[in-house]
Amino acid sequence: MEDQPLRPVAALVLAAGGGRRLGGRPKALLRYRDRPLVEHAVGVVRAGGCGPVTVVLGAAREQVRAEARLPECRLVDNPDWESGMGSSLRAGLAALDPGASAVLVMLVDTPGVTPAAVARLLAAHRAGSDLAAAGYQGRRGHPVLIGARHFAEAAAGATGDAGARALLAAHAAAITLVECADVAVPDDLDTPADLARWTSAP
C-alpha cells in the first residue's frame, strides 16, 4: 500500500491591526528590512514550509492591497477588525482550504519569528501533534499550530483580543511546546520604541 501524500499545513497571517499605539499606522505596512511587515511575515511562513497562505486584512486594507506584494496569497477582509484579534482569526479560519491538515497562525507584528521556528512547529505536527506552540525558555508564545479537527472550536472561542487563547487553555495538556528561543524572538511590535528597536536591528 502506497503512503498517502502529506496534506499541506496552511498559514494564516493576522495582519488587520490598526497600530493604535503607533500613531494609527496599520501594522501590515510598517517597514521592516525595506519592505512592508506583512510581506516579511508571508516570506517567513513560506520559507518555513507552509503551503497555502491566507492573510487577514483590516485597517487600511485597500492601501495594503495596493502597496504590499502578496502574490498567491488569499486576502481576506475583516470589516470587524477593531473588535480585536478574535474576529480576524474567525475570518481567516473560515477562508482556509478544507484540505489543510493544520494551520499555522502567524501574527504580523512578530518580526523575530523565523522560518526555523515555523519549520519546528511543522515537524511537531508531522510527528503527530494537533496543537503546538513555539516555546521561549519554557513559556508559550507565537506562532501556534492548530490541527484541522480543532478549527471549529478555535473559531467559536475567538472573541475580543483572545485569538486562540480559549482553545489552548481548554487543551493545555495536549499542546506540544516546541522550544524556539535559540532560533527566534517572540516580542511583538506595539509601540514606537518597539518599532525603533526592530527597524534599527541588523
Check: Can you name the number of the only condition in (1) part of a strand (DSSP E or B); (2) closer than 17 Å to VAL56 by Cβ; (3) not acidic (Asp, Glu) that ALA133 fails?
Finding: (2)
Note to self: Looking at GLY138, GLY163, can you tell me which residue is open to solvent by 30 Å² or more (accessible area, probe 1.4 Å), at positive phi and of a type in the set (Gly, Ala, Ser)?
What the structure shows: GLY138
Item checked: Any chance ASP187 is outside any helix (DSSP H, G or I), under 18 Å from ARG90 (Cα atoms) and in contact with a helix residue (DSSP H, G or I) (Cβ under 8 Å, 6 or more places away or on another chain) -> no
Note to self: So if I check each of ALA41, ALA47, which one is open to solvent by 20 Å² or more (accessible area, probe 1.4 Å), hydrophobic (A, V, I, L, M, F, W, C) and modelled with pLDDT of 95 or more?
What the structure shows: ALA47
Next item on the list: Please state which one of ASP80, ASP109 is of a type in the set (Asp, Glu), under 24 Å from ALA166 (Cβ atoms) and touching a residue at least 60 places away in the same chain (Cβ under 8 Å).
Entry: ASP109
Notebook entry, point to check: What do you reckon, is GLY92 at pLDDT below 95, buried (at least 19 other Cβ atoms within 10 Å of the Cβ) and part of a helix (DSSP H, G or I)?
Noted result: no
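The values are calculated or read from the model by the stated rules, or taken from the named source; none is laboratory data. Keep in mind it's a predicted model, so treat the numbers as computed, not measured. Note that we place each Cβ from the backbone using ideal geometry, even for glycine, and neighbour counts take in every protein chain shown. Ligands, DNA and RNA are excluded from the accessible area calculation, which covers all protein heavy atoms including side chains. Shrake-Rupley method; radii C 1.70, N 1.55, O 1.52, S 1.80 Å.
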